[in-house]
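What follows is a set of notes on a single structure, which appears directly below.
The values are calculated or read from the model by the stated rules, or taken from the named source; none is laboratory data. Because the structure is predicted, anything quoted here is derived from the model rather than measured. Here the Cβ positions follow ideal geometry from the backbone for every residue, glycine too, while neighbour counts run over all protein chains shown. Note: accessible area is taken over every heavy atom of the protein model, side chains too, but ligands, DNA and RNA are not part of it. Shrake-Rupley method; radii C 1.70, N 1.55, O 1.52, S 1.80 Å.
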Amino acid sequence: MTVLAGKRVLLVVSGGIAAYKTLDLIRRLRERAAEVRCVLTAGGAQFVTPLSLSALSGNPVHRALFSLTEESEMGHIELSRAADLVVIAPASADILAKMAQGRADDLATTVLLATDKPVLAAPAMNVRMWEHPATRANIETLAARGLRMVGPNEGDMACGEFGFGRMAEPEEILAAIEGFFGAEARLSGHRALVTSGPTFEPIDPVRYLANRSSGRQGHAIAQALARLGAETTLVTGPTRLADPAGLTVVHIETAEEMLAASQAALPVDVAVCAAAVSDWRVATPNEQKLKKNGGAPPRLELATTPDILASLAGAGNARPRLVIGFAAETENLVAHAQAKREKKGCDWILANDVGAGTDTFGGAENQVHLIEAGGVSAWPRMTKEAVAERLALRIADHLAAEGAPAGGGAP
Ligand code: C5P
């Protein structure tokens, strides 16, 4: 039994010379007992024939959006409904651009717009197309929406050039697909809590103290943990993000409310405090809106807010087995974060540099150091979604090595 047995892969083949390698990918998927259905674009059909795809996949090939015969057999919505994972190989610059724009002008792009299934793309294009700012922006947009990617690799290209843009080899794409399905249920039976976003601390009924946190990193972590099967509660301050699907979202405004909602979510196996909690609140918010009245400006007396991370880490019997915090630093990143780990009593700290020019607050990317009791590892700069996914897998490894989940489920 392989992790792929019975898994349903919808394979979108777009236009690129690398499409010939996709034939080998189909063969390998079928050898591992996966079910494969193919959608072939007009460009893809210039490189591989529908007959090859259907012979190898054992299923009819889908090509036309407005085909009576194809739609009656299996319509575009049904195609994605009947899949566990959508794979685009090769993913041309064009299909990625269309996806980024949300276009739906053929069967492949319509399926990609209509699907709510995870999508894995194996980009393949000329190096300058890959490096073009338009493609870079499209990739960033798509990654932020959760598109997974394998490759491209660096190497010789069919066009005679050398560089990034070569489609990942079939065995690498296969490994990414196996990794996806293998990871899928790794946290099932486990419970997770994630805090995210800023807090709003009222000054009066209309004004508040807050910060620039977008909530992007915390939301992505909650989503990644839920995707691995954890029963996840996301406690979030006000953000402009949509509530992620498949988990419990609790909306709060103040640090005190965030603490109460976090405590209410216990017991959990893992708590990740990614929220940018305000350090201070106004001691006694004014019940009415403060008036200017032409006199001296009001003086705000501040009080300290509760430290949610420290209180979860010090929660005695209710302490999650793994408590993870963030440290946003502008200098001496690692040393300050190590000290913070000890002071807060948490297990891991993800340290990120938020100095001028890093664009970490509110940006799409993050570069973190993971600080544990035993050492420090520097992760490469990547999207916040990729940081979230890597962290979720590290958490799954750690909890698997440790044993039984909270709430008594199977390990
Ligand atoms: O603000 P500070 O640098 O102390 O934040 C470090 C970590 O502590 C972050 O993970 C943050 O979410 C958490 N924190 C918290 N409650 C606070 C302050 C910070 O949970 N009141």
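Some observations on this one:
- Normalised contact order of the chain, rounded percent, pairs of Cα under 8 Å and 6 or more residues apart: 12 percent
- Taking label points 7 Å from Cα along the Cα-to-Cβ direction, residue 30 and residue 82 give a separation of 1.7 nm.
- Coordinate range along principal axes, alpha carbons of the range 193-300, Å, largest first: 57, 25, 18
- Highest-first packing order for the peptide set 234-240, 283-289, 379-385 is 234-240, 379-385, 283-289, based on the mean count of other beta carbon atoms within 10 Å.
- Rounded to whole Hz, the Karplus (6.51, -1.76, 1.60) HN-Hα couplings of the range 385-399, x for glycine and proline: 5, 5, 4, 4, 5, 5, 5, 4, 5, 5, 4, 4, 4, 5, 5
- Potential lengthening between residue 245 and residue 55 on full extension [0.36 nm per residue; Cα-Cα distance subtracted]: 64.7 nm
- Residue 64 versus residue 114: modelled label distance in nm, points set 7 Å from Cα along the beta carbon direction: 1.6 nm
- Summing charges over all other residues whose Cβ lies under 14 Å from the Cβ of residue 304, with Lys and Arg as +1 and Asp and Glu as -1, gives -4.
- Fraction of accessible area attributable to carbon and sulfur, the chain (%, probe 1.4 Å): 51 percent
- Taking all Cα pairs closer than 8 Å and separated by 6 or more residues, the relative contact order of the range 8-182 comes to 23 percent.
- With the helix formula -39500 (n - 2.57) applied to DSSP H stretches of n ≥ 4, the chain reaches a computed 222 nm mean residue ellipticity of -10000 deg cm²/dmol.
- The chain - Rg (one decimal) and Dmax (whole number), Cα, Å: 24.2, 83
- Counting heavy atoms of the protein chains alone, residue 252 has an accessible area of about 20 Å² for a 1.4 Å probe.
- Charge tally in the Cβ shell below 12 Å around residue 26, where Lys, Arg are +1 and Asp, Glu are -1, residue 26 excluded: +3
- For the range 305-390, radius of gyration divided by Kirkwood radius, i.e. Rg to Rh on alpha-carbons: 0.98
- The range 8-182: equivalent-ellipsoid semi-axes (sqrt of 5 x gyration tensor eigenvalues, Cα, Å): 23, 18, 16
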